[in-house]
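Working notes, beginning with the structure itself.
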Amino acid sequence: MISKRKLTGPFILALALHVLLLGVFMLSFDSKSPVFETGPEPEIIEAMVIDESLIQAEAERLEKQQQNKLFESQRQIEEAQRQEDEKLKQQQLVKQQKKMAAEKLKAEQLAAEKRKAEDASKQKAEAERVASEKRKAEEAAKQKAAAEKAKAEQSAAEKRKAEEAAKQKAEAERVAAEKRKAEEEAVKQKAAAEKAKVEQSAAEKRKAEDAAKQKAEAERVAAEKRKADEAAKQKAAAEKAKAEQSAAEKRKAEDAAKQKAEAERVAAEKRKADEAAKQKAAAEKAKAEQLAAEKRKAEEAAKQKAEAERVAAEKRKAEEAAKQKAAADKLKAEQVAAEKRKAEEAAKREAERLSELARQQAEKLRQEEEARKQAAAAAEEARKQAEAKRQQALASAKDDAKKAIASKVERGWVRPFSSQGQLKCTIKVKLLSDGTVMEARVVSSSGDAAFDRSAELAVRKSSPLPIPRDRELFNKEFKEFNFDFEPH
């Protein structure tokens, strides 16, 4: 970008050239005391002719050169602006590519985590299926042993045991019902606590985001030093968010491990209860065949109950997974929104910077145009002043030449005896470049023929006449002119 110093250099050079030309012009003649030499021999006049068209052409050339430099400066400014725009587009493209790559990597990580979770779920389901089949086989073997043992027992003992088993079954069902109720209450309390914790975390996060927004707005107005501090704070906040996310994932993994351990404990207790129930049912079946129908009914009820509990457990697990997924989706959406706000603020700051740059460039162009106009006006004013001085000098030289010619002719004039009074005639005179008179004839008579002839003779006798040194003035005014002869 061309600076003002580079633009003022040609202007100063042009102004100096005009002053030099004006000085040469002023030195080319002496307007105060013109020297007119007369003699029988033509004098050699050394004069410098300054053509006004050359001065005008030089001024136009300098002005055109100044305009070319101004156009070149504007072109360079536009080129710099274009390069700046290209650079900005490249930066935005690189930033967008980085963002897309980061989003793609994040999506791949989420997909990998999802596949890992699905694999873990499949492995867990397979392990549960194998354990269930193993439990079924063990239960069948136990039932068979219990049946064989029950056949050998006496009927009275079977009846007594059946009554005892009925009492124990009722007690076990009561205990199981109370246990289920307590477990459900604990699950509800835990869900409520987790929900309150999530809501509190979300509220704190929203509060932190509002504070961050206010802080970002304040820091946007601050100086560049505060911008650097803001960048450091944003980096620290990003690291803190990353640490919090890692801690949340760690807590999530710990909660999942706790839930898994709790589920395994409940399953173990359930298996023990089922085992006891099955043992009791087998004992009842062995004790009395008449109680077989009741035993089958009790087993069916136990199976339905177990199925209902399994379905309820799976439902609770699915709800928990859905809540965790919703929380993760919400966290991801909040992160995306934060990144979007950050990108919008950066784009806004960049747009403001470009707008300020364009305004400064427009102001600079306006100042340069104003300087060019002032320079052109100064040059035109100098030219006008020089022209006025030149015209004044030419007029003065013209008057001096006419006075010198009149004085020389009057000194060489001899008044006729017949001419009396104040007479005047006009003589048309033609001169050579050295002042030699080629022709002198009266074009306006005084009314006295003798006076007219004496006037013509005086002009011819005074040849060569004193003429100005300026060739242009001579060619225009004295090469052929009318001379008013009125001697005193």
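The values are calculated or read from the model by the stated rules, or taken from the named source; none is laboratory data. The structure presented is a predicted model; accordingly, all values stated were derived computationally and were not measured. Every residue, glycine as well, gets a Cβ built from its backbone with ideal geometry; the counts of neighbours run over all protein chains shown. For accessibility, only protein heavy atoms count, side chains too; no ligands or nucleic acids. Shrake-Rupley method; radii C 1.70, N 1.55, O 1.52, S 1.80 Å.
Every residue, every condition in (1) outside any helix (DSSP H, G or I); (2) touching a helix residue (DSSP H, G or I) at 6+ places or on another chain (Cβ under 9 Å); (3) at pLDDT 80 or above, yes or no:
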| position | (1), (2), (3) |
| --- | --- |
| L93 | no, no, yes |
| A107 | no, no, no |
| A120 | no, no, no |
| K124 | no, yes, yes |
| E133 | no, no, yes |
| K142 | no, yes, yes |
| A145 | no, yes, no |
| K151 | no, yes, no |
| K159 | no, yes, no |
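Among the residues here, E249 qualifies as more than 20 Å from Q304 (Cα to Cα), out of contact with any helix residue (DSSP H, G or I) (no Cβ under 6 Å at 6 or more places or on another chain) and at pLDDT below 85. Here E345 fulfils each of the conditions (1) loosely packed, with under 12 Cβ neighbours inside 10 Å; (2) of a type outside the set (A, V, I, L, M); (3) at pLDDT 90 or above apart from (1). Look through A277, A302 and report the one residue that is modelled with pLDDT of 80 or more, over 52 Å from the mean Cα position of the chain (by Cα), surrounded by 11 or more Cβ atoms within 10 Å (Cβ to Cβ) and of a type in the set (A, V, I, L, M, F, W, C). When all the criteria are applied, what remains is A302. Please work out if S433 is within 27 Å of F474 (Cβ to Cβ), open to solvent by 40 Å² or more (accessible area, probe 1.4 Å), over 60 Å from the mean Cα position of the chain (by Cα) and of a type outside the set (V, I, T). Answer is yes for this residue.
Beta carbons closer than 6 Å, at least 6 apart along the sequence or on distinct chains, pair a first residue in region 74-98 that is surrounded by 10 or more Cβ atoms within 10 Å (Cβ to Cβ) with a second that is modelled with pLDDT of 80 or more and part of a helix (DSSP H, G or I) for I77/Q361. Could you tell me whether region 233-252 includes any residue that is surrounded by 14 or more Cβ atoms within 10 Å (Cβ to Cβ) and not in a helix (DSSP H, G or I)? No, the conditions are met nowhere in region 233-252. Restricting the first residue to region 139-152 and requiring it to be within 16 Å of E289 (Cβ to Cβ), which pairs with a second residue that is open to solvent by less than 60 Å² (accessible area, probe 1.4 Å) and not aliphatic (A, V, I, L, M) meet a Cβ separation below 9 Å and a spacing of at least six or different chains? Filtered contacts from region 139-152: A150/E158; A150/E284; A150/K287.
If we scan region 418-426, do we find a residue that is assigned to a strand (DSSP E or B), open to solvent by less than 70 Å² (accessible area, probe 1.4 Å) and more than 30 Å from E79 (Cα to Cα)? Working first, answer last.
Just the residues of region 418-426 that are assigned to a strand (DSSP E or B), to begin with: 425-426.
Those still in the list that are open to solvent by less than 70 Å² (accessible area, probe 1.4 Å) too: 425-426.
With more than 30 Å from E79 (Cα to Cα) added as a condition, the list becomes 425-426.
Checking region 418-426: at least one residue is assigned to a strand (DSSP E or B), open to solvent by less than 70 Å² (accessible area, probe 1.4 Å) and more than 30 Å from E79 (Cα to Cα).
Restricting the first member to region 299-314 and to residues that are farther than 12 Å from D274 by Cα, and the second to residues that are among the aromatic types (F, W, Y) and in a helix (DSSP H, G or I), no beta-carbon pair is closer than 8 Å while six or more apart or on different chains. Given the criteria out of contact with any Cys (no Cβ under 9 Å at 6 or more places or on another chain) and modelled with pLDDT of 90 or more, does L394 qualify? The answer is no for L394. Would you check if there is a residue in region 180-201 being part of a helix (DSSP H, G or I), polar (S, T, N, Q), more than 23 Å from K317 (Cβ to Cβ) and within 60 Å of the chain's Cα centre (by Cα)? For region 180-201, residues part of a helix (DSSP H, G or I), polar (S, T, N, Q), more than 23 Å from K317 (Cβ to Cβ) and within 60 Å of the chain's Cα centre (by Cα): present. Tell me whether region 184-196 contains one or more residues that are farther than 30 Å from A302 by Cα, modelled with pLDDT of 75 or more and open to solvent by less than 90 Å² (accessible area, probe 1.4 Å). Yes: one or more hits.
Can you tell me which residue among A388, A395, A406 is open to solvent by less than 40 Å² (accessible area, probe 1.4 Å) and not in a strand (DSSP E or B)?
Numbers: A388 fails: open to solvent by less than 40 Å² (accessible area, probe 1.4 Å); A395 fails: open to solvent by less than 40 Å² (accessible area, probe 1.4 Å).
Among A388, A395, A406, only A406 is open to solvent by less than 40 Å² (accessible area, probe 1.4 Å) and not in a strand (DSSP E or B).
Pick out the one residue from A401, A458, A449 that is under 26 Å from M26 (Cα atoms), of a type in the set (A, V, I, L, M, F, W, C) and either open to solvent by 60 Å² or more (accessible area, probe 1.4 Å) or out of contact with any Asp or Glu (no Cβ under 7 Å at 6 or more places or on another chain) (or both). Let's see the steps before the verdict.
Values: A458 fails: under 26 Å from M26 (Cα atoms); A449 fails: under 26 Å from M26 (Cα atoms).
Answer to the check: A401.
The set of residues from region 364-376 being open to solvent by less than 60 Å² (accessible area, probe 1.4 Å) and closer than 19 Å to A57 by Cα comprises R372, A375, A376.
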